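Nothing in this text is a laboratory measurement; each read-out follows from the coordinates by a stated rule. Predicted, not measured: the structure shown is a model, and the values here were computed from it. As a convention, Cβ positions derive from the backbone with ideal geometry for all residues, glycine included, and neighbour counts pool all protein chains shown.
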Amino acid sequence: MRRYIARRVAAFVATLFFVSGLVFVVVRVLPGDPALVIIGAEGSPEVAARLRESLGLNRPILVQYAEWLSRAARGDLGVSLQYDVPVGRLILSRLPVTLPLTVMAAVLMAATALPLGLYAARRHRRAGDYLAMVVSQVGIAIPGFWAGLLLILLFSVHLGWVQSGGFAGWSSGLWPGVRSLLLPAIALGLFQTAVLVRATRSSVLDVLREDYVRTARAKGVSELAVLAKHTLRNAMIPIVTVAGLQLGQLMAGAIILESVFALPGLGRLALGAITARDLPVVQGVTLFVASTIVLINFAVDLLYVVLDPRIRYE
Amino acid sequence: MRHLARLLLVALALAPLASPAAAPAENLVVQVATEPPGLDLTATPASATAGVVFYNVQEALVKVDRHGKIVPWLAERWHTSDNRNYTFFLKRGVRFHNGRELKAADVKFVIDRAMNPETKHPAPANYEAISDIIVKDDYTITFALKNTTANFLLNMARQGSVIYPREAVDTLKSEPIGTGPYKLGEWVRGDRIVLVKNPDYHVKGLPKLDRVTYRFIPDPNAALAALKAGDVDAAMFGLGPEHIPDLQKDPRFQVIVGETTNDVIMSMNNSRKPFTDVRVRRAVTYGINKPEVVKGAMFGFGRVIGTNVDPLNPYFVDMSGAMPYDPAKAKKLLAEAGYPNGFDAVLKVAPQYYYTVRTGEVLADQLQKVGVKIRIEQIEWGQWLSRVWKDADYDLTIIGHAEAWDINNYAKPTYYFRYDSAEFQRLFKESEVTVDDKARRELYVKMQKRLVEDAPVVWLYIHPRLAVTKQGLQGFWKDLPAPAFDLSEVAWVK
């Protein structure tokens, strides 16, 4: 196991190195000059040229990358061109929005998809199953941003129960914070919930056809125990795999939903940074998201061992 | 399942009780679409920055007022006897937000810094005419000019000429200090900027609000929802014209429709065939039905124009009828230019500015009828700046030029229009050194006529000011003659 972890850590570092290099090159070969974006169409090209020089953008790309890499290795991700604030501080300041939003969407996803998928599998080819599939199909078909707007219309504009957008901040209390993120989390988790319902149903259906389930039932084991002990646990490996991938997609989905709900999260930071060609921020956020996704995958791999003791990584 | 339903019902029933109380009347929450890319007016000409900082946090010696007139501001008056030496007499007792009194040395420091190429001020050309700045005493300062410069006072009123204390120069980007009616409270990046009342403001009785919060809501539908839900008191930038008719009927809101200096144009690359030929440029102009463009793209909001000078400019001449829609004439001109069957062209637009795409779609449809087949290419703003604005790598493009008094762009052959007219350049140069108002007006009329004749671009319409506020708010400017959003007189009606 120790050797496995060491291998994964090495792979983690290599992945980050690759991702950082790729992003560094991609954002610099994209048409669009950070200096021009900063001074805008009203400024003069001469000023833009001077600004480009002072930002160090005229130097060879390899030199820029090497310098960035050496600073990043020491934990310094540079300073935002747009905000004039250290990138690390900016990312940290956005986490209290994006992290709870993603976690809430994930909890919502798991809490809805697992029972519904299980229920659909149990009621295979009966009305309950068809209804669950229709609901999940609708969830897949509705884009998150549209679901977000519908939720705002209903709960904010018509009913006035929650704010239409923005983030109250955790300093104003737990409930105001949670309330600001409730609608975005529902909109964000909708698509992934629908996908997970289908994955759960399919995986549970496969297990329900296994001989050991039939044996358990024949022994007179209660249906609840059959489902919880014999079925769900054995069905969890593919479900956890799908859910792990979905966590990454939830972070990506946050980019659009944070704009719809005007939330000051990581996604909106990334979007604004790309538009403003704020290269250090784009670089920093991408690296952070890549690290998170690699860590989630690693956690999923470790979870396999917990779920199925037969799995060994040596 | 029944338990869950009950729980949900209870939660939904309790939710309204948990809603926050209405904001006190002295506070204002305004929606803006774009977050400023830094708050330093001497580093960025971004309108998002000016919308927050200019007039509210930082001010200049003189000010363009709500009627478009230059009036004394931090300077209580100015004097010039030869139009080459301007002496400003500063108001006494004006204090910066850090408590220190504004002195003439601060003014010298600020303008010296703007003139220094090392500081990367975005518009150093505005100060090129200055040869010397002499501080006569704490409240008197003289600017000596190299030659007569008609726009000198205007340049001193621009956003890049705001006065700040020298000790705050390093924090202008994130914590600007000035003399304005509001001080920066906090900037929660990505979410909001809060301004708080400056109790020592140099204009008695102002500002009327205690606190102003700018909320960044980029999505127009989300902005509309925030307004209707009562989460914001006013939507300043970001609502589209399609939202206005409904809001005009809603008794909860008042809609402000005014003029701006933002002239929306379709530029033709004058250095690229077939637009090198003036007949082609005129044909394109005749092929466009501008009132229909305003109707189709802007729901009828926006004023049709015929040249660069906007209606808020004192030298405005209505030339909207100079080249009216005439498809037969357009076809004839195209045939004369050697394009009897028309030609193909690519129109590059940046969807960040919604009106460019909509206007482009209407124009493509109209121009097809005279044989000009347009393919619309949507490119992101950063690319637009590089490819169109900097490199002039385009056939056609649409954009709004928000800057006031920007006729000088047509006198620069390297500007992205690539319009090179010796006659126009001569007229412009003359207008820059002519201070007599009547003579200058005549030059401006001549310049505008020259532009209409040469048709380097198609001037389409003035992008309207469309703001919506809750009933009970007053004091907003109707028109925007300057790129500012002055909130000093805004108040709730008691």
Residues of type aspartates and glutamates that B:K478 reaches as a straight line, Cα spacing below 16 Å, ignoring anything fewer than 8 places off in the same chain: B:D65, B:E259, B:D310, B:D486, B:E489
Within a Gaussian network of chain A (alpha carbon springs, distance under 10 Å), most fluctuating of A:G139, A:G284, A:G166: A:G166
Pairwise label distance in nanometres, B:K390 with B:N83, each label 7 Å out on the Cα-Cβ vector: 3.8 nm
Spin-label zone in region B:256-278 - amide nitrogen under 17 Å from a point set 7 Å from the Cα of B:Q474 along the C-beta vector: B:256
Distance between modelled label sites at A:R209 and B:D406, nm, 7 Å Cα→Cβ extension: 6.6 nm
Rg over Rh [alpha-carbon atoms, Kirkwood Rh] for region A:87-307: 1.04
Fewest-first sequence of B:Y419, B:Y139 by Cβ atoms within 10 Å of each Cβ: B:Y139, B:Y419
Sequence-distant aspartates and glutamates (8 or more away, or on other chains) whose Cα lies within less than 15 Å of B:K373: B:D344, B:E361, B:D365, B:D395
Loop-exposed GluC sites (Glu not before Pro) per DSSP, neighbour cap 14 Cβ within 10 angstrom, longest uninterrupted part of chain B: B:129-494
Neighbouring partner chain Cβ atoms per residue of A:81-88, average, 10 Å criterion: 4
About the Cα centre, charge dipole magnitude for region A:25-144 (Lys/Arg +1, Asp/Glu -1 at Cβ), debye: 720 debye
Extended-chain gain in nm, criterion 0.36 nm per residue less alpha-carbon gap, B:R375 and B:S271: 35.5 nm
Estimated FRET transfer efficiency when R0 is 51 angstrom, pair A:E53-A:R310 (beta carbons, to 0.05): 0.25
Candidates A:L55, A:L266, A:L36: whichever shows maximal mean-square fluctuation once chain A is modelled as a Gaussian network with Cα springs under 10 Å: A:L55
Mean-position separation - Cα centroids, region B:119-145 and region B:360-377, in angstrom: 48 Å
Trypsin sites (Lys or Arg not before Pro) restricted to region A:17-97 and DSSP loop, no more than 15 other C-beta within 10 Å: A:R74
Region B:450-476-region A:207-242 distance, computed between alpha-carbon centres (Å): 68 Å
Interchain or long-range residues, amide H under 5 Å from B:V29's placed H: B:T213, B:D233, B:A234
Within 10 Å of each Cβ in B:169-179, the average number of Cβ atoms from other chains: 1
Residues of type lysines that B:K204 reaches as a straight line, Cα spacing below 22 Å, ignoring anything fewer than 8 places off in the same chain: B:K63, B:K69, B:K91, B:K103, B:K183, B:K494
Charge dipole magnitude, Cβ of K and R +1, D and E -1 - region B:230-322, Cα centre, debye nearest 20: 680 debye
Listed residue pairs exceeding 23 Å between alpha carbons, taken from B:K332/B:K390; B:K273/B:K446; B:K329/B:K429; B:K273/B:K348; B:K329/B:K390: B:K332/B:K390; B:K273/B:K446; B:K329/B:K429; B:K329/B:K390
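Can you name the helices of chain A, as whole DSSP H runs, whose Cα span along the helix axis is 30 Å or more and whose Kyte-Doolittle mean is not below 1.0?
Length and hydropathy pass: A:2-29, A:87-122, A:174-208, A:233-260, A:279-307.
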Rounded to the nearest 20 debye, dipole of region A:87-307 from Cβ charges on Lys, Arg, Asp, Glu: 480 debye
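Remind me, what semi-axes does chain B give for its equivalent ellipsoid, largest first in whole Å, using sqrt of 5 times each Cα gyration tensor eigenvalue?
Value: 39, 35, 18 Å, ordered largest first.
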Of B:Q368, B:T171, B:A104, farthest towards positive along the dipole that unit charges on Lys, Arg, Asp, Glu beta carbons give chain B: B:Q368
Nonlocal amide H pairs with B:L312, under 5 Å, H built at 1.01 Å: none
Amide H partners (placed H, <5 Å) of B:I379, local residues excluded: B:V349, B:A350
Using θ = phi - 60° and Karplus 6.51 cos²θ - 1.76 cosθ + 1.60, couplings along region B:363-380 (whole Hz; Gly, Pro as x): 5, 4, 5, 5, 6, 4, 5, 9, x, 8, 8, 9, 9, 8, 10, 8, 10, 6
A:H230, B:H463, B:H79 arranged by Cβ crowding within 10 Å, fewest neighbours leading: B:H79, A:H230, B:H463
Bridge type composition, the protein assembly as shown - antiparallel percent by DSSP, nearest 5: 75 percent
Calculated diffusion of region A:164-250, Stokes-Einstein form, Kirkwood radius summed over Cα pairs, 20 °C and 1.002 mPa s, µm²/s: 138 µm²/s
Zone residues, region A:183-204, relative to A:E223, backbone N less than 19 Å from point 7 Å out along Cα-to-Cβ: A:201-202, A:204
Rg/Rg_ref, the protein assembly as shown, where Rg_ref = 2.2 N^0.38 Å and atoms are Cα: 1.09
Listed residues A:Q246, A:S202, A:V285: farthest to the positive end of the dipole of region A:87-307 (Cβ charges): A:S202
Charge-dipole axis of region B:226-343 as Lys and Arg at +1 and Asp and Glu at -1 on Cβ define it, positive-most pick from B:N270, B:V293, B:P241: B:N270
At 1.002 mPa s and 20 °C, Stokes D of region A:266-314 from Kirkwood alpha-carbon radius, µm² per second: 168 µm²/s
Sparse-neighbourhood loop sites, GluC sites (Glu not before Pro) in region A:168-259 - DSSP loop, at most 11 other Cβ within 10 angstrom: none
Shielding score for B:394-403, defined as the mean number of other chain Cβ atoms within 10 Å: 1
Most mobile of A:Y119, A:Y304, A:Y83 in a GNM of chain A (Cα contacts under 10 Å): A:Y83
